[in-house]
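Note sheet for the following structure.
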Amino acid sequence: DSKVSSFLTIQEGCDKFCSFCVVPYTRGPEYSRPLKSLIHEINSLAENGAKEIVLLGQNVNAYSHSHNGRKINLADLIEEISKNENIKRIRYTTSHPINMTDDLINLHSTNKKLMPFLHLPVQSGSSEVLKKMNRKYDINFYIKIIEKLKTINPQIEISSDFIIGYPGESEQDFKKTLDLVDQIKFTQSYSFIYSSRPGTKSSFENDETPPNIKKERLFILQEKLKEIQLKFNKSFCGKNIDVLIENQSISNPEYFFGRTPFMQSVYIKSQEIKPGEVKNVNISTCNHKNLYASC
């Protein structure tokens, strides 16, 4: 029983040991599923109507498996999936910056089924905070990855995760996060106030930032992110874009739901489309969350 957009777990576990995260303790070390098993499942999903495959993993771009004596990574897997003519779109999440290899980056230019949208969590714009988080990269490393992606595919859009109020985060650290948001222009993002997880390294750190300061910082960040997302969505108004139709509204059958290549949600008023179609529609209005169209 397949959906038009189907999720497929290809990798589990984590070897990164970020100081705030329990995944390495609860899910164990990184493990990747065999290529043969994945291709079999993808073919089955496609036969049941899937048009888009979303590859999942705790660190999905850490995917690595040996097949016929050859090491297969995420870029190789995406190329294999692309051979299935029924699959029209491919996405992957969630990625870790240190696993963004050059062949995977270049694939965003050469593989037309791989969507021009990447969720690449940075967590903070401060290298000092990233070091405390044990993220294993600094902010310059992250920016260089984005620059590479934008160079090989200027259309690509980036989303991210942010943790606000990590123990020891200063006002200057927070400002660096705001500066990064202004520089990258993340078109979608998830942001949260730091929450201590028992047993993690960060749970033993001294946290002196008052809760009201953390809430204020989160509000400022989210308002900035919302403003960028709204501006991005407004840039599509009056224009046509391809949308993969995922389902029809049960409460109002005149409306269909789909997504653009950039993961924007689109609500379309039409009596002529069907789930599974890639439809070119004209965007009439929007808000910071959704686009609205007719065809």
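The values are calculated or read from the model by the stated rules, or taken from the named source; none is laboratory data. Here the structure is a predicted model, which means the values were calculated and not measured. FYI the Cβ positions are ideal-geometry reconstructions off the backbone, even for glycines, and counts take in every protein chain you see. The accessibility values were calculated without ligands, DNA or RNA, using every heavy atom of the protein model including side chains. Shrake-Rupley method; radii C 1.70, N 1.55, O 1.52, S 1.80 Å.
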(request) Please specify each residue of region 6-29 satisfying the condition of being within 25 Å of residue 43 (Cα to Cα) and open to solvent by 20 Å² or more (accessible area, probe 1.4 Å). (result) 7, 9, 12
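Conditions tested, residue by residue: (1) open to solvent by less than 30 Å² (accessible area, probe 1.4 Å); (2) among the β-branched types (Val, Ile, Thr); (3) in contact (Cβ under 8 Å) with a residue 12 or more places away in the chain; (4) more than 24 Å from residue 189 (Cα to Cα).
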position	(1), (2), (3), (4)
230	no, no, yes, no
233	yes, no, yes, no
237	no, no, yes, no
257	yes, no, yes, no
264	yes, no, yes, no
276	yes, no, yes, yes
(message) Which condition from (1) in contact (Cβ under 8 Å) with a residue 12 or more places away in the chain; (2) under 21 Å from residue 188 (Cα atoms) is the one that residue 147 breaks?
(response) (1)
(message) Which count do you get for residues in region 176-204 that are under 15 Å from residue 17 (Cα atoms) and aliphatic (A, V, I, L, M)?
(response) 0
(message) If I ask for residues that are within 27 Å of residue 151 (Cα to Cα) and open to solvent by 40 Å² or more (accessible area, probe 1.4 Å), which ones from region 189-220 would you list?
(response) 190
(request) Just need a number here: residues in region 18-44 that are more than 13 Å from residue 80 (Cα to Cα) and in contact with a helix residue (DSSP H, G or I) (Cβ under 8 Å, 6 or more places away or on another chain). (result) 4
(request) Only residues that are over 19 Å from the mean Cα position of the chain (by Cα) and part of a loop (DSSP other than H, G, I, E, B): list them for region 10-29, please. (result) 15, 17, 19, 20, 22, 27, 28, 29
(message) Tell me which strands (runs of 3 or more DSSP E) are completely within region 194-282 and hold 1 or more residues being among the aromatic types (Phe, Trp, Tyr), or say none if there are none.
(response) 255-259, 265-269
(message) Against the condition touching a Pro at 6+ places or on another chain (Cβ under 7 Å) and at pLDDT 95 or above, how does residue 228 come out, does it pass?
(response) no
(message) Restricting to region 190-215, name every residue that is more than 24 Å from the chain's Cα centre (by Cα) and among the basic types (Lys, Arg).
(response) 201, 214, 215
(message) Checking residue 24 against (1) in contact (Cβ under 8 Å) with a residue 12 or more places away in the chain; (2) of a type outside the set (Val, Ile, Thr); (3) under 27 Å from residue 134 (Cβ atoms): exactly one of these is not met. Which one?
(response) (1)
(request) Take residue 53 and decide whether it is within 17 Å of residue 78 (Cβ to Cβ), part of a helix (DSSP H, G or I), open to solvent by less than 50 Å² (accessible area, probe 1.4 Å) and in contact (Cβ under 8 Å) with a residue 12 or more places away in the chain. (result) no
(request) For residue 44, state whether it is assigned to a helix (DSSP H, G or I), of a type in the set (Gly, Ala, Ser) and more than 30 Å from residue 168 (Cα to Cα). (result) yes
(message) Among the numbered criteria (1) modelled with pLDDT under 95; (2) crowded, with 21+ Cβ neighbours inside 10 Å, which one does residue 60 miss?
(response) (1)
(request) Name the one entry in 255, 267 that is at pLDDT 95 or above and in contact with a Phe, Trp or Tyr (Cβ under 8 Å, 6 or more places away or on another chain). (result) 267
(request) Kindly list, by first and then second residue, each pair from a residue in region 85-111 that is modelled with pLDDT of 95 or more to a residue that is of a type in the set (Ser, Thr, Tyr) and crowded, with 20+ Cβ neighbours inside 10 Å, limited to pairs with Cβ atoms under 7 Å and residues at least 6 apart or on different chains. (result) 97/142
